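Trainee: Sharing a structure below in structure tokens format, with a few things to ask.
The values are calculated or read from the model by the stated rules, or taken from the named source; none is laboratory data. All values derive from a computational prediction rather than experimental measurement. So basically every Cβ, Gly included, is an ideal-geometry build from the backbone, and we count neighbours across all protein chains shown.
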């Protein structure tokens, strides 16, 4: 095979392979935090490999964004060393993420968190709640993740939305799988902070994106579980679920939210790389770049 068609297995060190001018911590507006954590995964294991797979795939993207007609990388995108979390308990991991995000916010950086399993988002939301008291979370996911406890843990990845709802209001989009417990919780008086727009709402209501933005506060943290996408687009996830939303539907939503609200940070989680199949990794890498572009449109 011609050498130019062989993808090097050498792990990339920073997102998009940016040089020092556009990736140093001091000069960068955005900072990518890698959290390779996989302790509570309940189906396909390997989400700890997700952050590195995204970084690797990002090297093969164009620096020019053809939708936005800009080179978003010029804002500066710093890639931090992966957090050492693999041996930590869920409680310890969440606290380490919280403290690390808090430091980034103190340094006036825009945090982008790469998981790892979805429970890593809890620590990020805690840090953002301290910095932005009126924050809400836009949660894109195939699953409700509203169990109070799963497999003996309240910090399982299947409980992440329940824990976030205890911190701040939550708008869920793209859900298409729930337990009876979660259904009961959504209908209970105890639930006053969760608004759900599931796939059936999306199919039936052409104005569904307006419902999303109407229920978000001015400051928004976005949490994207990649299984929200149709599995034909992103098969490499920890808990694949039939159906899902498309690439352009997702971009339309994120574009609208970025225009109407202030996105203060986001995460992309639950990528479970499949050897020899790079499409999911590349989609995740490009999603990050496009969303950064929406946040920083026209800004350098």
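Trainee: Being farther than 18 Å from residue 216 by Cα and part of a loop (DSSP other than H, G, I, E, B) is the filter here; which residues of the range 154-180 pass it?
Mentor: Within the range 154-180, 154, 155, 156, 176, 178, 179 meet the criteria.
Trainee: For the range 123-143, how many residues are out of contact with any strand residue (DSSP E or B) (no Cβ under 7 Å at 6 or more places or on another chain) and in contact (Cβ under 8 Å) with a residue 40 or more places away in the chain?
Mentor: 2
Trainee: Condition first: surrounded by 24 or more Cβ atoms within 10 Å (Cβ to Cβ), touching a strand residue (DSSP E or B) at 6+ places or on another chain (Cβ under 7 Å) and in contact (Cβ under 8 Å) with a residue 40 or more places away in the chain. Now tell me which residues in the range 160-170 satisfy that.
Mentor: Passing the criteria: only 164.
Trainee: Separate question: Which of the numbered conditions does residue 176 fail, given that it passes all the others? Conditions: (1) touching a helix residue (DSSP H, G or I) at 6+ places or on another chain (Cβ under 7 Å); (2) in contact (Cβ under 8 Å) with a residue 40 or more places away in the chain; (3) closer than 20 Å to residue 240 by Cβ; (4) surrounded by 20 or more Cβ atoms within 10 Å (Cβ to Cβ).
Mentor: (4)
Trainee: What's the total number of residues in the range 117-137 that are outside any helix (DSSP H, G or I), touching a helix residue (DSSP H, G or I) at 6+ places or on another chain (Cβ under 8 Å) and over 18 Å from residue 86 (Cβ atoms)?
Mentor: Adding up the residues that qualify gives 2.
Trainee: I'm told residue 76 meets every condition in (1) within 21 Å of residue 139 (Cβ to Cβ); (2) at pLDDT 95 or above except one. Can you identify the failing condition by its number?
Mentor: Unmet for residue 76, out of (1) within 21 Å of residue 139 (Cβ to Cβ); (2) at pLDDT 95 or above: (1).
Trainee: Would you please name the residue that is surrounded by the fewest Cβ atoms within 10 Å (Cβ to Cβ), looking only at residues in the range 99-116 that are modelled with pLDDT of 95 or more and outside any helix (DSSP H, G or I)?
Mentor: The selected residue is 108.
Trainee: Tally time: how many residues in the range 1-38 are at pLDDT below 70 and either assigned to a loop (DSSP other than H, G, I, E, B) or surrounded by 14 or more Cβ atoms within 10 Å (Cβ to Cβ) (or both)?
Mentor: Adding up the residues that qualify gives 7.
Trainee: From the list 92, 86, 62, which residue is free of Cβ contacts under 8 Å to residues at least 12 places away in the same chain, in a loop (DSSP other than H, G, I, E, B) and surrounded by fewer than 24 Cβ atoms within 10 Å (Cβ to Cβ)?
Mentor: 62
Trainee: Identify the residue in the range 72-83 that is in contact with a helix residue (DSSP H, G or I) (Cβ under 9 Å, 6 or more places away or on another chain) and in a loop (DSSP other than H, G, I, E, B) and, among all such residues, is nearest to residue 34 (Cα to Cα).
Mentor: It comes out as 82.
Trainee: Restricting attention to the range 39-55, which residues are surrounded by 23 or more Cβ atoms within 10 Å (Cβ to Cβ) and in contact with a helix residue (DSSP H, G or I) (Cβ under 8 Å, 6 or more places away or on another chain)?
Mentor: Within the range 39-55, 50, 53, 54, 55 meet the criteria.
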